[in-house]
2 protein chains.
Amino acid sequence: MAGTETLTAERILEATEEVLRRYGPAKATVVDVARVLGVSHGSVYRHFRTKAALREAVTERWLSGTLAHLLPYVEGAAPADARLREWLAALFRFKRSKAGGDPELMATFQVLISENSAVVDRHEQHLVDQIARILADGHRDGVFAAPEPDLATTARAVFHATDRFHNPAHRAEWSAPDAEAAFDAVVALVLSGLRP
Amino acid sequence: MAGTETLTAERILEATEEVLRRYGPAKATVVDVARVLGVSHGSVYRHFRTKAALREAVTERWLSGTLAHLLPYVEGAAPADARLREWLAALFRFKRSKAGGDPELMATFQVLISENSAVVDRHEQHLVDQIARILADGHRDGVFAAPEPDLATTARAVFHATDRFHNPAHRAEWSAPDAEAAFDAVVALVLSGLRP
């Protein structure tokens with residue numbers, strides 16, 4: 001019955017995530033994905049030419065959920081310093097809920113992420129671009145100093161200085177009782193560093 | 001011949017590090033340590049009552065090398081902001097050279113570190129205390145603002161904001177071509193955040 005619906009790339013990616021969750025990243029195959037969808041594996045290959053391309057696309061889709069989740073803080077009307085704090089807090093909460101809510105899927109995607117460093121680099125650049133937009137607003141409105149040496153470098157420094165609260169390498173620390181207080185202290189230091 | 005020298009705790013710890021390097025953390029035993037020293041394993045147990053106590057002590061010894069290495073920047077006469085920058089740079093270089101120079105020993109100590117979280121917590125607190133001493137000097141001399149909400153919190157925030165450049169979870173990134181530039185940008189942001 002599943003086969004009677006139009007086979008879109010999005011449906012294939014949903015099924016791939018399901019298969020990865022079920023069998024783990026080492027065992028999941030394109031044949032498994034086709035079986036879940038009730039189609040031939042040739043139909044899947046018409047959308048994604050290789051297994052690697054499919055794994056890359058599902059990684060990109062998973063990561064892009066974060067960007068969509070954070071966009072309201074980039075485009076909001078609140079002062080830029082409040083928006084940057086909220087953006088960082090939303091990123092921390094989002095990553096923490098992913099890590100805590102479904103640790104197996106998180107571990108699966110850690111494997112996929114390690115295979116697809118170019119996808120991750122692009123994703124990090126998108127996140128840094130979101131920070132840069134908030135910093136540019138803040139500079140325009142006099143909330144933040146002129147970025148030194150430039151906007152891109154400062155935005156990346158903000159991203160790196162808060163690594164502890166979004167980089168999955170630190171996920172074991174996110175459930176520590178003092179994690180929130182540690183986050184507040186780092187964000188206060190970063191915001192202070194951005195002020196005129 | 002080795003057995004004719006006085007058996008000190010320090011000699012046992014040196015031999016333990018050697019045995020860990022040779023056999024790996026899973027296989028190294030107290031008997032191996034005793035054999036390297038040319039003594040009975042009972043002699044080792046007179047200094048360290050359990051294998052766990054020996055492993056904890058060797059972990060602490062390894063970590064304390066970092067503290068000794070950084071102390072000159074705490075006690076120096078240069079302005080506090082320059083000392084903090086140098087302290088952070090020295091920590092980054094020291095960790096990077098350990099990770100790059102002897103990756104197997106680094107991996108061994110990552111295992112020991114994961115077994116001895118209380119030792120690591122104490123070690124991190126000592127590092128944060130060194131930062132706090134530099135911040136206190138800086139506040140006294142008007143180089144840094146009064147710490148908000150307090151010295152201990154601000155010192156820990158500096159430590160966390162620079163996690164990317166000393167936490168071994170990030171060691172794969174330390175050899176990236178832009179690692180130095182990324183370090184400079186984060187330190188500039190942190191120092192800006194500390195200024196009056």
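The values are calculated or read from the model by the stated rules, or taken from the named source; none is laboratory data. From a predicted model like this one, the values you see are computed outputs, not experimental measurements. Every residue, glycine as well, gets a Cβ built from its backbone with ideal geometry; the counts of neighbours run over all protein chains shown.
Quick look at the values:
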read-out: Which listed residue is without any contact (Cβ under 8 Å) to a residue 12 or more places away in the chain, crowded, with 19+ Cβ neighbours inside 10 Å and not assigned by TED's automatic domain parsing to the domain that holds A:ARG164, from A:ALA28, A:ALA15, A:ALA34; value: A:ALA34
read-out: Failed item in (1) touching a Gly at 6+ places or on another chain (Cβ under 6 Å); (2) in contact (Cβ under 8 Å) with a residue 40 or more places away in the chain; (3) outside the structural domain of B:HIS170 (by TED's automatic domain parsing), with B:ARG21 passing the rest; value: (1)
read-out: Qualifying residue in region B:62-77 (condition: in the same structural domain as B:ASP129 (by TED's automatic domain parsing) and over 30 Å from B:LEU189 (Cβ atoms)); value: yes
read-out: Flag if B:ALA188 is facing another protein chain (nearest Cβ under 10 Å), crowded, with 16+ Cβ neighbours inside 10 Å and assigned to a helix (DSSP H, G or I); value: yes
read-out: Selected residue [at pLDDT below 95, closer than 19 Å to A:THR66 by Cβ and either within 14 Å of chain B (Cβ to nearest Cβ) or within 21 Å of the chain's Cα centre (by Cα) (or both)] from A:ALA169, A:ALA89, A:ALA176, A:ALA132; value: A:ALA169
read-out: Filtered residues of region B:135-166 (kept if within 14 Å of chain A (Cβ to nearest Cβ) and either charged (D, E, K, R) or at positive phi (or both)); value: B:GLU148, B:ASP150, B:ARG156, B:ASP163, B:ARG164
read-out: Extreme residue, farthest from B:LEU135 (Cα to Cα), among residues of region B:148-166 that are assigned to a loop (DSSP other than H, G, I, E, B) and free of Cβ contacts under 8 Å to residues at least 40 places away in the same chain; value: B:PRO149
read-out: Residue check, B:HIS126 in a helix (DSSP H, G or I), within 10 Å of another protein chain (Cβ to nearest Cβ), in contact with a helix residue (DSSP H, G or I) (Cβ under 6 Å, 6 or more places away or on another chain) and not β-branched (Val, Ile, Thr); value: no
read-out: The lone exception for B:GLY138 - which of (1) under 28 Å from A:THR153 (Cβ atoms); (2) within 19 Å of the chain's Cα centre (by Cα); (3) of a type outside the set (A, V, I, L, M, F, W, C); (4) surrounded by 15 or more Cβ atoms within 10 Å (Cβ to Cβ) it fails; value: (2)
read-out: Near pairs, Cβ below 9 angstrom, 6+ apart or cross-chain, from region A:168-185 (in a helix (DSSP H, G or I)) to any residue that is among the acidic types (Asp, Glu) and modelled with pLDDT of 95 or more; value: A:ALA169/A:ASP163; A:HIS170/A:ASP163; A:HIS170/B:ASP163
read-out: Residue list for region B:31-59, restricted to those being out of contact with any Asp or Glu (no Cβ under 7 Å at 6 or more places or on another chain), closer than 17 Å to B:GLU115 by Cα and aliphatic (A, V, I, L, M); value: B:ALA52, B:ALA53, B:LEU54, B:ALA57
read-out: Every pair of residues 6+ apart whose Cβ atoms lie under 9 Å, when the first sits in region B:95-109 and is among the acidic types (Asp, Glu) while the second is modelled with pLDDT under 85 and exposed (fewer than 15 other Cβ atoms within 10 Å of the Cβ); value: none
